[in-house]
Structures are given as structure tokens and as C-alpha cells.
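One structure is given here, and the rest of the page talks about it.
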Amino acid sequence: MNVTISEILSFSILFALPSVIMILLGYVVFATIILKKNHGFPMLIHWMDFVIPILATGVWCKFQAYSLYTKSMGNIAELGILGLIWGILFFWRGVLFIKGKRSSIWYIVLLECVMVVLFAIFAPTFSE
């Protein structure tokens, strides 16, 4: 299955929209909490937050060919679900930050990429 760069970039928007909403809401919550504690302004956003939509979408497109099911256009919704999961992982990073615990972005990126591959291969066909 050959997918062009422009298609991956277009599909990346489907990943990015739910994750951006979750990240913005989470950032407002965490910034408010941290500012009330007078700990300065949090720098929770990592450069990978901008790269992961393209990376995850590219991996998803690549692994569609190995799927156990015949995929339909409805399966593009998987990208939105995966974007929502990335937003939830951002929220988790924020909770760890508030608690003073460190989390490696690379473990979180690896977790997201594993979920992308699992979705691409094992998610059943969604109705159109």
C-alpha cells in the first residue's frame, strides 16, 4: 500500500484535532494548578507533541496492509481515537509533573506507537 506524504499530512489532521483539544484543556488545568502553587509556569509541551501526529499517522498507514480485517474508510476514525489517546497521555504527563515525578517522553511515544500498530492490525472494520 503506497501512501503519499500529502495523504499522511492530511490524515494527520484527524489525529491532531482530538489531541490538540485534550492538550489545550489539560494545559490550562495544569497551568492554573501550578500557578496557584507559585511554582512558575509549566513547560509541559514537548516538541514530540508536534511530531507525533505525523509519525503516528505514517506508522498507521504503513501497518494497514498487515491488518487481519479488510479496512473501510470508516477505519479512518482510528486516527481520531489514537489522537485522543495521545491527549490522555499528555494529561497523564501533567499529573506526574504536578506530583513531582518525571516521565520520559520516549516511553510515552513508544507506547503510542505500539497502540497505533495494534489498532492498525487488530481493529475490526468500522461501518461507513
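The values are calculated or read from the model by the stated rules, or taken from the named source; none is laboratory data. Small disclaimer: the values here were computed from a predicted structure and weren't measured. Note that each Cβ is placed from the backbone with ideal geometry, even for glycine, and that neighbours are counted across all protein chains shown.
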On the basis of being surrounded by fewer than 16 Cβ atoms within 10 Å (Cβ to Cβ), within 16 Å of I13 (Cβ to Cβ) and not β-branched (V, I, T), does F122 make the cut? no
Of the residues that make up region 100-111, is at least one modelled with pLDDT under 90, touching a Lys or Arg at 6+ places or on another chain (Cβ under 8 Å) and outside any helix (DSSP H, G or I)? yes
Sort through G87, G26, G94 and tell me the only one that's in contact (Cβ under 8 Å) with a residue 12 or more places away in the chain and under 23 Å from F122 (Cα atoms). G87
Within region 88-95, is there a residue that is surrounded by 18 or more Cβ atoms within 10 Å (Cβ to Cβ) and outside any helix (DSSP H, G or I)? no
Identity of the residue in region 20-79, more than 28 Å from N2 (Cα to Cα) and small (G, A, S), that ends up surrounded by the most Cβ atoms within 10 Å (Cβ to Cβ): G26
Quick one: is S10 surrounded by fewer than 17 Cβ atoms within 10 Å (Cβ to Cβ) and under 27 Å from F126 (Cβ atoms)? yes
Against the condition assigned to a helix (DSSP H, G or I), within 14 Å of the chain's Cα centre (by Cα) and of a type in the set (A, V, I, L, M), how does L79 come out, does it pass? yes
